[in-house]
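Engineer: Right, I'll just put the structure down here and ask away after.
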Amino acid sequence: MKNDILFARCIDMTVEAYGVCKVDGLVIFTKGMIIDEEGYIKIIAHKKNLAYAIIDRLTKVSPFRTKEACPIAYKCGGCDLRHIAYEYQLLLKQKWLKETLANIGGIDYDIPPVVPSPLQDRYRNKVQVPIRDHKVGFYRVNSHDIVEYTDCLIQSEKANAIIGFIKRKIIKDGTDRYFRHILIKEGFTSGEIMIGLILNVEDFSGLDTLVSDIVKEFPEVMSLIVNVNTRDDNVILGDKEIVMYGSSYIIDELDGLKFKISLKSFYQTNPLQTVNLYKEVVKVSEVSKNTKILDLYSGIGTIALFLARYAKEVIGVEVVAAAHANALDNAQLNKIDNVKFYHDDASRSMVTYLKDVDVVVVDPPRKGLNQALIKDIAQSGVEKVVYVSCNPSTLARDLDRFKNLGYTLESLRGFDMFPHTTHVETVVSLKRAVLSRSADSSLT
Ligand code: SAH
């Protein structure tokens, strides 16, 4: 069966962007095939009733197929939708969102069109590249081989240039063996740049020269930090940080608010679209000067500070110490005093923070919310929950749990934060239903 060439038609696409074909009862997932395309496909792996294939030759080509402009497309594993016209990428994300919500959460909702990203290329403000075997680049799909590149179209030209510059220096003098990663953050509004050099040693001869060469070449660098990680794991950053040049942070601006960002703090990576996303959060929160809001997973306080401009009071909770410290500074930087930020873990009881709260905003990592937190939120009787999700599967699971505890879906909208990838971000608002006695008792 392996290496067989079959004629097939693509009838669907999975959320991982595989084309789905069916031949004599065999389901074949074909890399890169678009719905309605037909042609010859080559089987590369085969198990019982399913197989994986690659395109051999198309006889009918989708009108939405484009010529991918990226030289490393499908090698680096970053942009699985590079061969698909942007309008069709958005339609696919809308369809995937609808299917995931229905299949996992049993949710039937008429999903509005996904909000397009203002930039489709060069939209990212952060890049991190591994260094291994004298190569600097991205990991090849499902492997630890490095795919080298000179230009990555979703990164800024400046970030690509900085990586190229550092790469040439460290490969030339052989110091690349001390490096694990290079990380770059860029304030799109401010133009400020942070460079993180993640090393497996604290120091090496030539480090000072490298640092001064970098800051001479790139005057936009406001912060250059060495981070030491000697652990043998997949976590990028270690505990030890040494500021080699400038500050320990950069500042960026979103919608007139200033934000301090440290090396270890999360900051949304598509800043232009982030403003659209946060405006949706403000809109669906229906915030007024009487509203008290709890922002869980608050990061450097971005959503909390967006909301605080219209609310009575906002409380933010964040587990990463550096991000929490940034949030405290960001409140001061913007002279906003109706916010409080706590350094705490949202997987522990949030009951005390939930007291007298009108709206809870949650923006968790991909794994979504703990069931216990959902119960605490429901039991506190909060009227409205606004859920910002980067993973439709865990969102679907959590929405089902909220539904069982008496919350109904009020609005749901997808935002394309990551053009050319299969990812989609979602903002959902839930409203507490007027509960019958029996439903009420199910909460206790
Ligand atoms: N709302 C912010 C951050 C969202 S990313 C923004 O838009 O920028 C998710 C954040 O949750 C990260 O800052 C991460 O550090 C934090 N986080 C992860 N697990 C957490 C937990 N158990 N408790 C509190 N915060 C957590």
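Engineer: Kindly list, by first and then second residue, each pair from a residue in the stretch 332-353 that is under 15 Å from L307 (Cβ atoms) to a residue that is away from the ligand (no atom under 16 Å from the Cβ) and in a loop (DSSP other than H, G, I, E, B), limited to pairs with Cβ atoms under 7 Å and residues at least 6 apart or on different chains.
Structural biologist: Taking only residues 6 or more apart or on different chains, the pairs are N338/K312.
Engineer: Can you confirm whether Y123 is more than 17 Å from C390 (Cβ to Cβ) and among the hydroxyl-bearing types (S, T, Y)?
Structural biologist: Against the criterion (more than 17 Å from C390 (Cβ to Cβ) and among the hydroxyl-bearing types (S, T, Y)), Y123 does not qualify.
Engineer: So Y310 passes all but one of these: (1) buried (at least 19 other Cβ atoms within 10 Å of the Cβ); (2) part of a loop (DSSP other than H, G, I, E, B). Which condition number does it fail?
Structural biologist: Among (1) buried (at least 19 other Cβ atoms within 10 Å of the Cβ); (2) part of a loop (DSSP other than H, G, I, E, B), Y310 violates only (1).
Engineer: Before we move on, is A325 within 16 Å of the ligand (Cβ to nearest atom), in contact (Cβ under 8 Å) with a residue 40 or more places away in the chain, over 20 Å from the mean Cα position of the chain (by Cα) and farther than 22 Å from L412 by Cβ?
Structural biologist: Taking the combined requirement at face value, the residue satisfies it.
Engineer: Another question about this same structure. Given the condition without any contact (Cβ under 8 Å) to a residue 60 or more places away in the chain, in contact with a Lys or Arg (Cβ under 9 Å, 6 or more places away or on another chain) and surrounded by fewer than 17 Cβ atoms within 10 Å (Cβ to Cβ), answer yes or no: does some residue in the stretch 61-81 qualify?
Structural biologist: Taking every residue of the stretch 61-81 in turn, at least one turns out to be without any contact (Cβ under 8 Å) to a residue 60 or more places away in the chain, in contact with a Lys or Arg (Cβ under 9 Å, 6 or more places away or on another chain) and surrounded by fewer than 17 Cβ atoms within 10 Å (Cβ to Cβ).
Engineer: Could I ask something else about it? Quick check on the stretch 238-276: of everything there that is in a loop (DSSP other than H, G, I, E, B) and away from the ligand (no atom under 12 Å from the Cβ), which residue is farthest from the chain's Cα centre (by Cα)?
Structural biologist: Here the residue is S247.
Engineer: State yes or no: is I303 touching a helix residue (DSSP H, G or I) at 6+ places or on another chain (Cβ under 8 Å), within 12 Å of the ligand (Cβ to nearest atom) and either in contact (Cβ under 8 Å) with a residue 24 or more places away in the chain or basic (K, R) (or both)?
Structural biologist: Taking the combined requirement at face value, the residue satisfies it.
Engineer: Please specify each residue of the stretch 213-238 satisfying the condition of being at pLDDT 95 or above and either on the phi > 0 side of the Ramachandran plot or exposed (fewer than 13 other Cβ atoms within 10 Å of the Cβ) (or both).
Structural biologist: K216, P219
Engineer: Quick check on the stretch 68-80. Is at least one of its residues touching a strand residue (DSSP E or B) at 6+ places or on another chain (Cβ under 8 Å), among the hydrophobic types (A, V, I, L, M, F, W, C) and over 15 Å from I154 (Cα atoms)?
Structural biologist: no
Engineer: Can you name the number of the only condition in (1) of a type in the set (D, E, K, R); (2) surrounded by fewer than 19 Cβ atoms within 10 Å (Cβ to Cβ); (3) within 30 Å of A311 (Cβ to Cβ) that K260 fails?
Structural biologist: Condition (2) is where K260 drops out.
Engineer: If you scan the stretch 1-50, which residues turn out to be of a type in the set (K, R), loosely packed, with under 14 Cβ neighbours inside 10 Å and not in a loop (DSSP other than H, G, I, E, B)?
Structural biologist: Matches in the stretch 1-50: K22, K47.
Engineer: Sticking with this one: Quick test for you: out of S288, S265, S298, pick the one residue that is surrounded by 24 or more Cβ atoms within 10 Å (Cβ to Cβ) and modelled with pLDDT of 95 or more.
Structural biologist: Exactly one of S288, S265, S298 is surrounded by 24 or more Cβ atoms within 10 Å (Cβ to Cβ) and modelled with pLDDT of 95 or more, namely S298.
Engineer: Turning to a different aspect of this structure: Just to verify a result, which residue in the stretch 191-202, among those that are surrounded by fewer than 20 Cβ atoms within 10 Å (Cβ to Cβ) and either out of contact with any Lys or Arg (no Cβ under 8 Å at 6 or more places or on another chain) or among the hydrophobic types (A, V, I, L, M, F, W, C) (or both), is farthest from R122 (Cα to Cα)?
Structural biologist: The residue in question is V201.
Engineer: Any idea which residue in the stretch 161-175 is farthest from L119 (Cα to Cα), counting only those that are of a type outside the set (D, E, K, R) and surrounded by 19 or more Cβ atoms within 10 Å (Cβ to Cβ)?
Structural biologist: Of everything passing the filter in the stretch 161-175, I170 is farthest from L119 (Cα to Cα).
Engineer: Can you tell me which residue is farthest from L153 (Cα to Cα) among those in the stretch 82-106 that are surrounded by 18 or more Cβ atoms within 10 Å (Cβ to Cβ) and in contact with an Asp or Glu (Cβ under 7 Å, 6 or more places away or on another chain)?
Structural biologist: Looking at the filtered set, the residue picked out is G105.
Engineer: May I pose another question? For the stretch 124-170, please list each of the strands (runs of 3 or more DSSP E) lying entirely inside it that holds at least 3 residues being touching a Pro at 6+ places or on another chain (Cβ under 8 Å).
Structural biologist: 135-139
Engineer: Does K279 satisfy the criteria of being free of Cβ contacts under 8 Å to residues at least 60 places away in the same chain and either part of a loop (DSSP other than H, G, I, E, B) or small (G, A, S) (or both)?
Structural biologist: Considered against the rule, which asks whether it is free of Cβ contacts under 8 Å to residues at least 60 places away in the same chain and either part of a loop (DSSP other than H, G, I, E, B) or small (G, A, S) (or both), K279 comes out as no.
The values are calculated or read from the model by the stated rules, or taken from the named source; none is laboratory data. What you see is a predicted model, and the numbers here were worked out from it, not measured in a lab. Note that each Cβ is placed from the backbone with ideal geometry, even for glycine, and that neighbours are counted across all protein chains shown.
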